[in-house]
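The values are calculated or read from the model by the stated rules, or taken from the named source; none is laboratory data. Just so it is clear, the model here is predicted, and its values are computed rather than measured. Note that each Cβ is placed from the backbone with ideal geometry, even for glycine, and that neighbours are counted across all protein chains shown.
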Number of protein chains: 2
Amino acid sequence: VPAEASRNAGEEQRLGAWDDAFRAGLADLLHWRRDVRRFRTAPLDRALVTELLGVAALAPSVGNAQPWRFVLVDNPGRRAEIAAVFERENAEAAQGYEGERRALYCAMKLAGLREAPVHLAVFCDEETGRGAGLGRRTMPETLRYSVVCAIHTLWLAARARGVALGWVSILDPAAATAVLDVPASWSLVGYLCLGWPEEVADCPELERAGWEKRGSPDSFLLQR
Amino acid sequence: VPAEASRNAGEEQRLGAWDDAFRAGLADLLHWRRDVRRFRTAPLDRALVTELLGVAALAPSVGNAQPWRFVLVDNPGRRAEIAAVFERENAEAAQGYEGERRALYCAMKLAGLREAPVHLAVFCDEETGRGAGLGRRTMPETLRYSVVCAIHTLWLAARARGVALGWVSILDPAAATAVLDVPASWSLVGYLCLGWPEEVADCPELERAGWEKRGSPDSFLLQR
């Protein structure tokens, strides 16, 4: 069958690039990824950052809508305002816990906004014409999910270059968006810190701090 | 400074594993990933599938909540019902386009549910106690975003083994969820097909079909 033969030839060629050594490196990358809050203040080369954003734009998107919008937040005033938005919400969130849990929450460092050399806000353009609505009539949230895939792609590409990423979700999204002066149709998906990490680890910081352990993959699986 | 010295030693060791060859392989993986709708019916080994789900569980999650719930849909009746849910919504969606656009929509193959050997429904447990709510007081959607990261991790790990994935979002999520008999606190994030692909390509099927092209990464970038 010619189609089959052609598929196999093409696929063999591709799979040649992804051998056992590559797959071991990928497993290692996933094991050592981490959400980082402890950054060195040393700058990141801007060319490296734009290279990473180019890689992020290879992410899958519903209807090929590519709804990701990347905002590099360079202005020191805006960066300080975002840090204040985080600190306000973090203090509020601490009030939601009691006793030892609150003490543990307050002892953890949950963002690196004051140290990280790069602040990157990632938005979803909810009104993009790209993709012509394909694939999101009944599940419109897949547009924002596409942006999440771009963030995750960026995360892995960064880590493979030694660059750490921290995703800051302890923010009032309306307040953070107001600081950034973006089109009204853009919704905030993630506010990210990027930079060189203070340390590397193969265990999540929240697990090391005693907040939450990882479960066995089996416990997340059902058959139907 | 001892802390700095120890960081560098650890990081040097890690980065040794992710050399230029690895990064080239990763770039290649992202370029050749694809959302696949044309599967061969040949089975996937169940051990390979559970291995992939173990890798997916390495994904980042807000508060380390690990809210992903994987449902392997093996029952032929349920699989046929899901395919029917897709076909119903796909016919409805086609009515939203006119003229050439509708003809193009109808000519495209948008899911491989009848051929793919593996159906995997991925849910978010909205009421998980894991993570104790950390990081999602103001942005509760980050719980579902964590599940998206797990799906994207699965996608890359699968592709690196030659296994293709297709994300089917042309579904009424309530109807699909009802077919699968899962806890009421679980919300459907993605319904996936997995299997060996009919073909490989470095260009999205929607671009090849003339539906939507990829834009330049520069066009998605702002500075503030």
Residue A:172 versus (1) more than 7 Å from every other protein chain (Cβ to nearest Cβ); (2) touching a Lys or Arg at 6+ places or on another chain (Cβ under 9 Å); (3) modelled with pLDDT of 95 or more: which is the lone unmet condition?
(1)
For residue A:50, work out the one condition from (1) under 21 Å from residue A:113 (Cα atoms); (2) within 7 Å of chain B (Cβ to nearest Cβ); (3) not small (Gly, Ala, Ser) it doesn't fulfil.
(2)
Residue among A:79, A:102, A:14, A:34 that alone is modelled with pLDDT under 95 and either surrounded by 14 or more Cβ atoms within 10 Å (Cβ to Cβ) or part of a helix (DSSP H, G or I) (or both)
A:14
How many residues, within the stretch B:83-101, are among the acidic types (Asp, Glu) and in contact (Cβ under 8 Å) with a residue 24 or more places away in the chain?
1
Give the residues of the stretch B:54-102 that are within 26 Å of residue B:118 (Cβ to Cβ) and of a type in the set (Val, Ile, Thr), sorted by residue number.
B:55, B:71, B:73, B:82, B:85
Give all pairs with beta carbons closer than 6 Å in which a residue from the stretch B:26-40 that is without any contact (Cβ under 8 Å) to a residue 40 or more places away in the chain meets a residue that is in a helix (DSSP H, G or I); count only pairs at least 6 apart in sequence or on separate chains.
B:28/A:17
Answer residue from the stretch B:57-81, given it is touching a His at 6+ places or on another chain (Cβ under 9 Å) and more than 7 Å from every other protein chain (Cβ to nearest Cβ) and is farthest from residue B:133 (Cα to Cα) among those:
B:79
Determine the pairs where a residue that is within 14 Å of residue A:43 (Cα to Cα), located within the stretch A:102-116, has a partner that is outside any loop (DSSP other than H, G, I, E, B) and of a type in the set (Val, Ile, Thr) with Cβ atoms under 7 Å apart, the partner being 6 or more residues away or on another chain.
A:113/A:82; A:113/A:168
Scan the stretch A:105-117 for residues that are part of a helix (DSSP H, G or I) and surrounded by 16 or more Cβ atoms within 10 Å (Cβ to Cβ) and jot them down.
A:105
Looking for whichever is facing chain A (nearest Cβ under 7 Å) and either out of contact with any His (no Cβ under 8 Å at 6 or more places or on another chain) or over 21 Å from residue A:61 (Cβ atoms) (or both) here; the options are B:139, B:108. Which one fits?
B:139
Would you call residue B:44 more than 10 Å from every other protein chain (Cβ to nearest Cβ), crowded, with 16+ Cβ neighbours inside 10 Å and modelled with pLDDT of 95 or more?
yes
Which condition number in (1) charged (D, E, K, R); (2) more than 7 Å from chain A (Cβ to nearest Cβ); (3) within 20 Å of residue B:165 (Cα to Cα) is the one that residue B:218 fails?
(3)
Identify the residue in the stretch B:175-191 that is of a type in the set (Ser, Thr, Tyr) and closer than 20 Å to residue B:111 by Cα and, among all such residues, is nearest to the other protein chains (Cβ to nearest Cβ).
B:191
Filtering the stretch B:53-76 down to residues that are in a helix (DSSP H, G or I), surrounded by fewer than 24 Cβ atoms within 10 Å (Cβ to Cβ) and either basic (Lys, Arg) or at negative phi (or both) yields B:53, B:54, B:55, B:76
